[in-house]
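The values are calculated or read from the model by the stated rules, or taken from the named source; none is laboratory data. Not measured: the values here are computed from a predicted model. Note: ideal-geometry Cβ built from the backbone for every residue, glycine included; neighbour counts use all protein chains shown. Side chains included, ligands, DNA and RNA excluded: accessible areas come from the protein's heavy atoms. Shrake-Rupley method; radii C 1.70, N 1.55, O 1.52, S 1.80 Å.
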Amino acid sequence: LIDEPSYKMLPGRFGPQQLTLLRLAASKPEVARIFVNPVIKSAVCQQAGNEPWVAKLRPWVGHFSHFHVRLRCPAGSPDCEPQAPIPPGNGCGEELASWLKDKPQLPKVSGINKRPELPARCGN
């Protein structure tokens, strides 16, 4: 969706279907946040900035062709650590502007795809 070197949306890559997908996912109460590229967040802000679900879309490095969904902790999950609350507002203002200005990139880190250590009861 995003051209990495120019940090611009590729023509014809973000439209009503992608907006609907993000709207459906972010509208679910079990979804805490959705991490998207800042350019995608900007496009959503232009098209649907006044809708409450837009606040769940959080800009994050990378995410040039995908997004990540973070779910809320299920009830009765003592090992699950909930996220801090989303700041007030829709996230379309100053915070987003700083992401777009700085054009953050993923750092080149070895071992980034290592599997996290799971609790023993998860049956590693």
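For region 21-39, which residues satisfy the criterion of being closer than 18 Å to Glu94 by Cα and open to solvent by 10 Å² or more (accessible area, probe 1.4 Å)? Give the derivation first.
Step one: list which residues in region 21-39 are closer than 18 Å to Glu94 by Cα, which gives 35-39.
If the condition is that a residue be closer than 18 Å to Glu94 by Cα and open to solvent by 10 Å² or more (accessible area, probe 1.4 Å), then Phe35, Val39 are the ones that fit.
Considering each residue of region 55-79, count those that are without any contact (Cβ under 8 Å) to a residue 12 or more places away in the chain and either touching a Gly at 6+ places or on another chain (Cβ under 6 Å) or part of a strand (DSSP E or B) (or both), and give that number.
Number satisfying all stated conditions: 0.
Could you tell me whether region 2-22 includes any residue that is touching a Leu at 6+ places or on another chain (Cβ under 6 Å), not in a loop (DSSP other than H, G, I, E, B) and not aromatic (Phe, Trp, Tyr)?
Yes: one or more hits.
Considering only region 2-20, state which residues are in contact with a strand residue (DSSP E or B) (Cβ under 8 Å, 6 or more places away or on another chain) and either polar (S, T, N, Q) or open to solvent by less than 40 Å² (accessible area, probe 1.4 Å) (or both).
If the condition is that a residue be in contact with a strand residue (DSSP E or B) (Cβ under 8 Å, 6 or more places away or on another chain) and either polar (S, T, N, Q) or open to solvent by less than 40 Å² (accessible area, probe 1.4 Å) (or both), then Ile2 is the only one that fits.
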